[in-house]
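Take a look at the structure set out below.
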Amino acid sequence: MPTLAVYPGSFDPLTNGHVDIISRGARLFDRIIVSILVNAEKSPLFSMDERVEITREVFKDQPNVEVDTFDGLLVDYVERRHAQVIVRGLRAVSDFEFEFQLALMNQRLNAKIQTVFMMPAEQYTYISSRLIKEVVSLGGRVHGLVPQLVEARLREKVKR
Ligand code: PNS
């Protein structure tokens, strides 16, 4: 049976850390679904449509990467999609506590679904969507930390 993985998150915006984890997942699993949570934040910088469009564009040449949206309980969505694995990235020890809680709660909610943690390449371990937004809003450069398309879109947003 092909192994299908879900990589859930807010992706506001997609960073090179996310891209790194998705690429690793695409090598490890038959298919990885990048699943963007609807309404994670009340006022996201990028709309859901923008986040879907950007992620699809970045992975347009990788046929086993799919982009989708979800709401409600993650485990219910994973089951609906007939996936077996949830992928989460771990950057540093500081991520561990929240990720540990999330994985164990998901395991309690549905013991058939397995969470797999992956580490991004070292150069991405300090990147977060929150920091990217802060740096850009204060006029800093994020070149090399996000896909070029995201960088261009961030610049447009700051200009407005
Ligand atoms: O990118 P993020 O914000 O770290 O992603 C968090 C996410 C989307 C994985 C988490 O908030 C989530 O799974 N939300 C869906 C609702 C849910 O299932 N909550 C219970 C998880 S224990």
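Tell me which residues, restricted to the range 2-11, are more than 8 Å from the ligand (Cβ to nearest atom) and either closer than 14 Å to V146 by Cβ or in contact (Cβ under 8 Å) with a residue 40 or more places away in the chain (or both). Of everything in the range 2-11, those that are more than 8 Å from the ligand (Cβ to nearest atom) and either closer than 14 Å to V146 by Cβ or in contact (Cβ under 8 Å) with a residue 40 or more places away in the chain (or both) turn out to be T3, L4, A5, V6, Y7. Going through V78, V67, V52 one at a time, which residue ends up being among the β-branched types (V, I, T), outside any loop (DSSP other than H, G, I, E, B) and either touching a helix residue (DSSP H, G or I) at 6+ places or on another chain (Cβ under 7 Å) or more than 28 Å from M1 (Cβ to Cβ) (or both)? V67 is the lone residue from the list that is among the β-branched types (V, I, T), outside any loop (DSSP other than H, G, I, E, B) and either touching a helix residue (DSSP H, G or I) at 6+ places or on another chain (Cβ under 7 Å) or more than 28 Å from M1 (Cβ to Cβ) (or both).
Scanning the range 28-49 for residues that are part of a helix (DSSP H, G or I) and surrounded by 16 or more Cβ atoms within 10 Å (Cβ to Cβ) yields a single hit, M48.
To keep it simple, each residue is scored yes or no on (1) open to solvent by 40 Å² or more (accessible area, probe 1.4 Å); (2) touching a residue at least 12 places away in the same chain (Cβ under 8 Å); (3) touching a Gly at 6+ places or on another chain (Cβ under 9 Å); (4) within 8 Å of the ligand (Cβ to nearest atom).
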position: G72; (1), (2), (3), (4): yes, no, no, yes
position: V78; (1), (2), (3), (4): no, yes, no, no
position: H82; (1), (2), (3), (4): yes, yes, no, no
position: V87; (1), (2), (3), (4): no, yes, yes, no
position: R91; (1), (2), (3), (4): yes, yes, yes, no
position: S94; (1), (2), (3), (4): yes, no, no, no
position: E97; (1), (2), (3), (4): yes, no, no, no
position: N106; (1), (2), (3), (4): no, yes, no, yes
position: A111; (1), (2), (3), (4): yes, no, no, no
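Please work out which residue is farthest from Y77 (Cα to Cα), limiting yourself to the range 113-125 and to residues that are open to solvent by 30 Å² or more (accessible area, probe 1.4 Å) and touching a helix residue (DSSP H, G or I) at 6+ places or on another chain (Cβ under 9 Å).
The residue in question is Q123.
Can you confirm whether R31 is touching a strand residue (DSSP E or B) at 6+ places or on another chain (Cβ under 7 Å), over 19 Å from V116 (Cβ atoms) and more than 16 Å from the ligand (Cβ to nearest atom)? When the stated conditions are applied, R31 does not pass them.
Just checking, which of G9, G25 is open to solvent by 10 Å² or more (accessible area, probe 1.4 Å), at pLDDT 95 or above, within 28 Å of V142 (Cα to Cα) and small (G, A, S)? Don't jump to the end; show me each part of the working.
Numbers: G25 fails: open to solvent by 10 Å² or more (accessible area, probe 1.4 Å).
Going through G9, G25 in turn, the sole match is G9.
Scanning the range 135-151 for residues that are surrounded by 12 or more Cβ atoms within 10 Å (Cβ to Cβ) and assigned to a helix (DSSP H, G or I) yields V135, V136, S137, L149, V150, E151.
The values are calculated or read from the model by the stated rules, or taken from the named source; none is laboratory data. Everything quoted here is computed from the prediction, not taken from an experiment. Backbone-built Cβ (ideal geometry, glycine too); neighbour counts: all protein chains shown. Only protein heavy atoms, including side chains, enter the accessible area calculation; ligands, DNA and RNA are left aside. Shrake-Rupley method; radii C 1.70, N 1.55, O 1.52, S 1.80 Å.
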